[in-house]
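Below: one structure, written as structure tokens.
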Amino acid sequence: MHDRAESINLIKKSIIRKLYSAGCWGKGHMLFNRLKSGLPAHLRGDVSSAVKNLVKDGLVIVYGRTKYGLAVYLSIGKKKEIEDIIDKL
């Protein structure tokens, strides 16, 4: 069983991979609720903590509220760092 820190790191990598493969840079944002899809049920509760960590690290930027909910996208300024993370997966 994973401890919480390992789970959050796993979720962070999943979020980065999902946003990257969808091309979510700037206007290409993704709804927060879609970040939970594809994750095991026991990890979905930690998605908001993982997103907060990614925002604090500057890798993910909050787009804002849309009529469908909160949306996020990847920081173009951290593209090299994000691609390094993707390459390690």
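Here, each number is a calculation from the coordinates, and none is a lab measurement. Computed from a predicted model, the values in this text were never measured in an experiment. So basically every Cβ, Gly included, is an ideal-geometry build from the backbone, and we count neighbours across all protein chains shown.
I need the full set of residues from the range 1-60 which are touching a residue at least 24 places away in the same chain (Cβ under 8 Å), touching an Asp or Glu at 6+ places or on another chain (Cβ under 9 Å) and surrounded by fewer than 14 Cβ atoms within 10 Å (Cβ to Cβ), in order please. Residue satisfying the conditions is Arg4 alone. It is to be established whether one or more residues within the range 48-57 are in a loop (DSSP other than H, G, I, E, B) and out of contact with any His (no Cβ under 9 Å at 6 or more places or on another chain). Yes, the range 48-57 contains at least one residue that is in a loop (DSSP other than H, G, I, E, B) and out of contact with any His (no Cβ under 9 Å at 6 or more places or on another chain). Applying a threshold of 7 Å to beta carbon distances and a minimum spacing of six or more residues, or different chains, the list of pairs starting in the range 64-89 at a residue that is without any contact (Cβ under 8 Å) to a residue 12 or more places away in the chain and ending at one that is of a type in the set (A, V, I, L, M, F, W, C) and surrounded by 10 or more Cβ atoms within 10 Å (Cβ to Cβ) reads Gly64/Ala71.
For the range 67-82, the condition of being closer than 13 Å to Leu19 by Cβ, among the charged types (D, E, K, R), touching a Gly at 6+ places or on another chain (Cβ under 8 Å) and surrounded by 13 or more Cβ atoms within 10 Å (Cβ to Cβ) holds for at least one residue.
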